[in-house]
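Encoded as structure tokens, the structure appears first; notes follow it.
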Amino acid sequence: MSKKNHALAALAALALAAAAPAARAAEHVVKMLNAGKDGSMVFEPAFVKAAVGDTVVFQPTEKAAHNSASLLLPAGAKPWKGAPDTEVKVTLDKEGVYLYVCEPHKVMGMVGVIQAGKPVNLADAKAAAAKEQASFAMGKDRFDKALAQVK
């Protein structure tokens, strides 16, 4: 093989290696609902297990002023806060547990959990969830149920 062909083969291998992580990234859809299988004012699913680099899409399904806003994040992760009734796309850029809420309906237990990779901040997530749940008027165990799925 000529030097030119070796160089082209090496360049092609580098391009494939660089594109591989992007090709494996997945998209997870979470619906913002007035009513779902776990009751009223819920995210479905309430727990998402993903990989670092995946995207979570929060979809409004009904006009009810639902939003998605980060509550607790892994160290260095970028926070988010969506506008009411607006789709939000969040790319999971750090490994760990993400807690999020619908701000207008947090008191009703409209919360969710995302695990990206290993749950490196699980103890912090459990402590933050316990503190938040104490103020809920309903759905007081939703963080607990979602966090029980973290492995």
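The values are calculated or read from the model by the stated rules, or taken from the named source; none is laboratory data. Please read all numbers here as calculations on a predicted model, not as lab measurements. Here Cβ is always computed from backbone atoms with ideal geometry, including for glycine, and neighbour counts include all displayed protein chains.
Okay, here's what the table says:
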quantity: Test: residue 19 is among the small types (Gly, Ala, Ser), modelled with pLDDT of 95 or more and within 30 Å of residue 68 (Cβ to Cβ); calculated: no
quantity: Count of the range 83-105 residues which are among the charged types (D, E, K, R), within 15 Å of residue 33 (Cβ to Cβ) and over 14 Å from the mean Cα position of the chain (by Cα); calculated: 1
quantity: In the range 95-126, the residues that are closer than 20 Å to residue 45 by Cβ, among the hydrophobic types (A, V, I, L, M, F, W, C) and part of a loop (DSSP other than H, G, I, E, B); calculated: 102, 110
quantity: Residue that is surrounded by the most Cβ atoms within 10 Å (Cβ to Cβ), among those in the range 26-51 that are under 21 Å from residue 151 (Cβ atoms) and in contact with a Pro (Cβ under 9 Å, 6 or more places away or on another chain); calculated: 30
quantity: Residues (in contact with a helix residue (DSSP H, G or I) (Cβ under 9 Å, 6 or more places away or on another chain), aliphatic (A, V, I, L, M) and surrounded by fewer than 19 Cβ atoms within 10 Å (Cβ to Cβ)) located in the range 112-151; calculated: 122, 128, 130, 137, 138, 150
quantity: Matching residues in the range 74-92 - criterion: being buried (at least 17 other Cβ atoms within 10 Å of the Cβ) and in contact (Cβ under 8 Å) with a residue 40 or more places away in the chain; calculated: 74, 92
quantity: Test for residue 96: is it at pLDDT 95 or above, surrounded by 20 or more Cβ atoms within 10 Å (Cβ to Cβ) and on the phi > 0 side of the Ramachandran plot; calculated: yes
quantity: Condition check for residue 57: among the aliphatic types (A, V, I, L, M) and under 10 Å from the mean Cα position of the chain (by Cα); calculated: yes
quantity: Enumeration of residues in the range 127-151 that are within 15 Å of residue 38 (Cβ to Cβ) and assigned to a helix (DSSP H, G or I); calculated: 133, 142, 143, 144, 145, 146, 147
quantity: Cross-chain or 6+ apart pairs with Cβ under 6 Å, the range 41-69 first and modelled with pLDDT of 95 or more and of a type in the set (Val, Ile, Thr), then surrounded by fewer than 20 Cβ atoms within 10 Å (Cβ to Cβ) and not in a strand (DSSP E or B); calculated: 52/95; 52/117
quantity: Selection status of residue 56, crowded, with 22+ Cβ neighbours inside 10 Å and under 20 Å from residue 25 (Cα atoms); calculated: yes
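Quick grid of which residues meet (1) over 18 Å from the mean Cα position of the chain (by Cα); (2) free of Cβ contacts under 8 Å to residues at least 24 places away in the same chain; (3) within 19 Å of residue 29 (Cα to Cα):
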site: 121; (1), (2), (3): no, no, no
site: 130; (1), (2), (3): yes, yes, no
site: 136; (1), (2), (3): yes, no, no
site: 143; (1), (2), (3): no, no, yes
